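Reviewing the structure listed below.
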Amino acid sequence: MELCEAREVLAADRDGTSDPYAVIELGAAQEKSQAKQNTRNPVWNEAFSLKLDQDDPELVVNTMTVSLYDYNKIEKHSFLGKVEVDLVKIAEDEEPFEEWIELGGKSELGRVTGEVRLKIRLDRRSLGKEPGAPTTKSVSVALLEAKGLVAADRGGTSDPFVQVNITGQKMQKTKVIKKTLDPQWNETKSFVLAPSKADPDARLEGKILSCEVFDFDLIGGNDFLGQVSFPLSNLNVQEVFDQWLPLKPREGKEKKDKVTGSIHVQVVITEGEEAE
């Protein structure tokens, strides 16, 4: 699931804002988002993978709960509201779930306000699957932000965007963020690794994830600002990879490429008989 954003949540602090974070619960599985400072309209764009044991008795709940809290260093964290999502209804629809949902519940701060936007995709990989059966893998890459990039333009800034690719897949691009060295894209790109005659198991071995940052130029070529790359086989299926990675020059162009800064990415690999 992806925790996208919320809007008009309760103001818990004296300055009329909150420091919201989310707790996602599904049976015994639980995940927690980052806290966003001084805002009633937080944007997280964080991806989570919640895995349940088929023998877990709490599976009968069939409900995912997303609760929002205001973060405090010393005092008790204040409850800002929650939503409950019926996964049975989602399972009946072949399309991934994506909606704004009104927050509910009771808060000591007053009447709960606001809503939260979620994306949920159910992975039925363990249902009716025979041992050894080939599986499709889905790779979700969240390109969140970068900081400390090289200034490629005369004004001392850049217009950064990211090209992301996986070996054998079609390259995808983010939007361009104008005039900044610390861009925030908050975009998620998805890739599907399907079984084929050449690779019936859709293996991760030999698959490289590459993220290249460029400065957009309307006339002439785009300026290279740095890259990161690593084998997908280094990651574990169903676990969230969430890191700030230092940008590096291209191989063989270490002296030519002027590169500074780092990029924040999240990667989640899931398995299933069908990838959407």
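Going by the structure shown, is VAL116 over 26 Å from GLN37 (Cβ atoms) and either in contact with a Leu (Cβ under 8 Å, 6 or more places away or on another chain) or surrounded by 11 or more Cβ atoms within 10 Å (Cβ to Cβ) (or both)?
Taking the combined requirement at face value, the residue does not satisfy it.
Quick check on the range 216-248: of everything there that is part of a loop (DSSP other than H, G, I, E, B) and modelled with pLDDT of 90 or more, which residue is surrounded by the most Cβ atoms within 10 Å (Cβ to Cβ)?
Among them, the one singled out is LEU247.
I need a count of the residues in the range 8-35 that are open to solvent by 30 Å² or more (accessible area, probe 1.4 Å) and either closer than 18 Å to GLU187 by Cα or under 14 Å from the mean Cα position of the chain (by Cα) (or both).
So the answer is 3.
How many residues does the range 248-264 hold that are touching a residue at least 60 places away in the same chain (Cβ under 8 Å) and small (Gly, Ala, Ser)?
Count: 2.
Residue by residue through the range 17-36, note down the ones that are outside any strand (DSSP E or B) and either acidic (Asp, Glu) or free of Cβ contacts under 8 Å to residues at least 24 places away in the same chain (or both).
Passing the criteria: THR17, ASP19, GLN34, LYS36.
Applying the selection to the range 195-214, what residues are at pLDDT below 95 and β-branched (Val, Ile, Thr)?
Listed by number, the list holds a single entry, ILE208.
Could you tell me whether the range 36-45 includes any residue that is under 21 Å from the mean Cα position of the chain (by Cα), open to solvent by 90 Å² or more (accessible area, probe 1.4 Å), of a type in the set (S, T, N, Q) and modelled with pLDDT under 95?
For the range 36-45, residues under 21 Å from the mean Cα position of the chain (by Cα), open to solvent by 90 Å² or more (accessible area, probe 1.4 Å), of a type in the set (S, T, N, Q) and modelled with pLDDT under 95: present.
Would you check if there is a residue in the range 251-260 being touching a helix residue (DSSP H, G or I) at 6+ places or on another chain (Cβ under 7 Å) and assigned to a loop (DSSP other than H, G, I, E, B)?
There is no residue in the range 251-260 that is touching a helix residue (DSSP H, G or I) at 6+ places or on another chain (Cβ under 7 Å) and assigned to a loop (DSSP other than H, G, I, E, B).
Could you count how many residues in the range 178-194 are assigned to a loop (DSSP other than H, G, I, E, B) and modelled with pLDDT under 90? It would help to see each step written out before you state the result.
At the first step, the residues of the range 178-194 found to be assigned to a loop (DSSP other than H, G, I, E, B) are 178-183, 194.
Subsequent filtering for residues that are modelled with pLDDT under 90 retains 194.
Of the residues in the range 178-194, 1 are assigned to a loop (DSSP other than H, G, I, E, B) and modelled with pLDDT under 90.
Residue pairs, Cβ under 9 Å, 6 or more apart or interchain, first in the range 186-205 and farther than 16 Å from LEU235 by Cβ, second buried (at least 17 other Cβ atoms within 10 Å of the Cβ) and among the aromatic types (Phe, Trp, Tyr). List them.
Pairs that qualify, where the first residue is farther than 16 Å from LEU235 by Cβ and the partner is buried (at least 17 other Cβ atoms within 10 Å of the Cβ) and among the aromatic types (Phe, Trp, Tyr), are ASN186/TRP44.
Among the residues of the range 195-208, is there at least one that is part of a loop (DSSP other than H, G, I, E, B), touching a helix residue (DSSP H, G or I) at 6+ places or on another chain (Cβ under 7 Å) and surrounded by 14 or more Cβ atoms within 10 Å (Cβ to Cβ)?
Yes: the range 195-208 contains one or more residues that are part of a loop (DSSP other than H, G, I, E, B), touching a helix residue (DSSP H, G or I) at 6+ places or on another chain (Cβ under 7 Å) and surrounded by 14 or more Cβ atoms within 10 Å (Cβ to Cβ).
The values are calculated or read from the model by the stated rules, or taken from the named source; none is laboratory data. The model shown is predicted, which means the values in this text are computed figures rather than measured ones. Positions of Cβ are generated from backbone atoms using ideal geometry, with glycine treated the same way; all protein chains shown enter the neighbour counts. Protein only, heavy atoms only, side chains kept; ligands, DNA and RNA dropped before computing areas. Shrake-Rupley method; radii C 1.70, N 1.55, O 1.52, S 1.80 Å.
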